[in-house]
Amino acid sequence: MSDVVSLLAQIEDTGRDTRGPGYQRAGFSNTERELRDWFLAEAARRGLDTEIDDNGITWAWATAPGDDAVVTGSHLDSVPGGGAFDGPLGVASALAAFDELKASGALERAQRPLALAVFPEEEGSRFGVACLGSRLITGAIEADRALGLTDANGDTFADVARGYGLDPNRIGTDEARLEKVGSFIELHVEQGIGLINTDQAVAIGSSIIGHGRWHFAFSGQGNHAGTTPMSHRADPVVAGSRVIGDIPVLAAGHDQAVATVGRTLIHPGGTNVIASGMSFWLDIRHADDAVVKQVLESISKRAQDHAGDTGVQVSISQESYSPTTYFTKELNDRLISLLPNAPLLPSGAGHDAGILAPHVPSAMLYVRNPTGVSHAPEEACEVDDQRAGVSALVKVLEGELGIVGVAS
Ligand code: GLV
Ligand code: MN
Ligand code: MN
């Protein structure tokens, strides 16, 4: 039996960013595989039966496999330069919760099967589409489209998945497996300031706000930086950076909308070379899906205008979109009755639980993050709060497994 703190300590050196603080744990990378193998070993050490399904999702059965299973887990990949808790806290807490249920003898009274799950490429850092594993199993992304996605090296998901031991012909919607899941509970570090000024370490998720990603690709004329007069240039970097500079004002025109460019690419990328291509990836989020659309339209229009002014072309393509998702009411009502003091928090961050929610009853628990920072090395979670998160998860699992009655 290990507690959540010591479980996280076991992986604290895996995938450290060699360029600075934080982690580089890209989806379907050797590092994610190493973390997955750690999870498999921890599950095996506990005597759990494990399997990796056709979409690369890892399952560990804490009881005999069966229908109407209660499933808990999260992901082990990170954004570039990410923190230690986004994903791994939910996985380590799942193992720690299992340990508690086992040690107390409660698991023997479970009325439903229990499984732990780890989803691959949740961040979409490698192939651009967040929650790739849960999108694939639910059919939220078509297998053909996913298989054709490429990473920064030009490697297709089909090839990378094959190298990961998956069969590209079997990747895609898996209704039979999904039907076995009776409820999915994901515990996650809180990614904002929602719990900082409260006396509560744990919150219950109410919704995940709508979010999407778009690729803006500007193309112009590559040329010599010294011989090309300013009046004769078709420079995509100028067009793209003008758009990026306008985004804060365009987003601010819509209350609560957030729009971010966190990744750009200049091709071919030489100091003395006028680029022939410039790309940026835009992330927009708002609780009202219509507002996301409006923000996208205003930024797209601005991109067309700046492209026209600078003599370059722009093409815009959607990489993913998830509408605002509300967690399953009946399940959330049960969580609220078990954790009556836990605030209800909407999330600006996407999660596999949000992708699963339209298909299986899903819910989330958030554990306080004293810095309020996430997707950065400063992301934090106090050890007492980590343990409070596990206690909350144990209560919820006991309720779902029918071990302890839910107050009516
Ligand atoms: C994932 O954490 C996201 O919200 O992008
Ligand atoms: Mn996450
Ligand atoms: Mn994340």
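Give the residue from Ile355, Gly389, Ile403 lying farthest towards the positive end of the charge dipole for the range 347-408; charges sit on Cβ (+1 for Lys and Arg, -1 for Asp and Glu) and the dipole is referred to the Cα centre. Going by the Cα projections, it comes out as Ile403.
Packing order of peptides 355-365, 53-63, 198-208, highest average first: 355-365, 53-63, 198-208 (average count of other Cβ atoms within 10 Å over each peptide's residues).
Taking label points 7 Å from Cα along the Cα-to-Cβ direction, Asp17 and Gln256 give a separation of 3.0 nm.
Rounded to the nearest 20 debye, the dipole magnitude of the range 211-322 is 240 debye, with +1 charges on Lys and Arg beta carbons, -1 on Asp and Glu beta carbons, and the Cα centre as origin.
Using a Förster radius of 51 Å, what is the FRET efficiency between Val249 and Val404 based on their Cβ-Cβ separation? Nearest 0.05, please. Numbers along the way, then the final one.
Working: r = 52 Å, r/R0 = 1.03.
After rounding to 0.05, the efficiency reads 0.45.
Answer rounded, prolate or oblate for the range 5-157, using the Cα gyration tensor with square roots of eigenvalues a ≥ b ≥ c: rounded when a/c is under 1.5, else prolate when a/b is larger than b/c, else oblate. Cα axes put the range 5-157 in the oblate bin. Structure remark: mean-square fluctuation, Gaussian network model of the chain, C-alpha springs under 10 Å; the largest value among Ser231, Ser104, Ser374 belongs to Ser231.
Kindly rank 118-129, 392-403 from highest to lowest mean number of other beta carbons found within 10 Å of each residue. Walk me through the numbers before you get to the answer.
Details: 118-129: 24.8, 392-403: 23.0.
The most tightly packed comes first, giving 118-129, 392-403.
When the P(r) of the chain is calculated, the portion above 28 Å amounts to 49% of the C-alpha pairs. Summarising the amide proton neighbourhood of Ser125: residues at separation of 5 or more, or on other chains, whose placed amide H is nearer than 5 Å comprise Gly27.
Candidate cross-link partners of Lys293 among the lysines, defined by an alpha-carbon separation under 19 Å and a same-chain spacing of 8 or more, comprise Lys301. Which of rounded, prolate or oblate describes the range 211-322 when judged by the alpha-carbon gyration tensor and an a/c cut-off of 1.5? Prolate shape, in that a/c is at least 1.5 and a/b is the bigger ratio.
What is the calculated FRET efficiency for Thr198 to Gln304, with r their C-beta to C-beta distance and R₀ = 41 Å, to the nearest 0.05? Let's see the in-between values first.
Values: r = 45 Å, r/R0 = 1.10.
Given R0 = 41 Å and the Cβ-Cβ separation, E is 0.35.
Rg and Dmax, both from the Cα atoms of the range 302-367 and both in Å, are 19.6, 61. Summarised in one figure, the compactness ratio Rg/Rh of the range 277-408, Cα atoms and Kirkwood Rh, is 1.12. With a sphere of radius 14 Å drawn around the Cβ of Asp385, what net charge do the other residues whose Cβ falls strictly inside it have (Lys, Arg +1; Asp, Glu -1)? Combined, the nearby Lys, Arg, Asp and Glu give -4. Shape of the range 112-208 from its Cα gyration tensor (a ≥ b ≥ c, root eigenvalues): rounded if a/c is under 1.5, otherwise prolate when a/b > b/c, or oblate? Judged from the Cα gyration tensor, the range 112-208 comes out oblate (a/c at least 1.5, b/c at or above a/b). For the charge dipole of the range 211-322, defined by +1 on Lys and Arg C-beta atoms and -1 on Asp and Glu C-beta atoms about the Cα centroid, which residue among Val261, Asn272, Gln304 has the Cα displaced farthest towards the positive pole? The listed residue farthest towards the positive side: Asn272. Put a dot 7 Å past the Cα of Ala152, heading toward its Cβ, do the same for Arg109, and the two dots end up 5.2 nm apart. Put a plus charge on the Cβ of each Lys and Arg, a minus charge on the Cβ of each Asp and Glu, and nothing anywhere else: the dipole of the chain about its Cα centre is then about 620 debye. Taking a threshold of 27 Å on the Cα-Cα distance, which of the pairs Lys102/Lys329; Lys180/Lys329; Lys329/Lys395 fall above it? Violating the 27 Å limit, Cα to Cα: Lys102/Lys329. Just to be sure I understand: of the beta bridges DSSP finds with both ends in the chain, what percent are antiparallel, rounded to 5? Roughly 70 percent of the beta bridges in the chain run antiparallel, per DSSP.
We did not get these values from a lab; they are worked out from the coordinates using the rules stated. Being a predicted model, the structure only gives us computed values, none of them experimental. For neighbour counting, all protein chains shown are included, and Cβ atoms are generated from backbone atoms with ideal geometry for every residue, glycine included.
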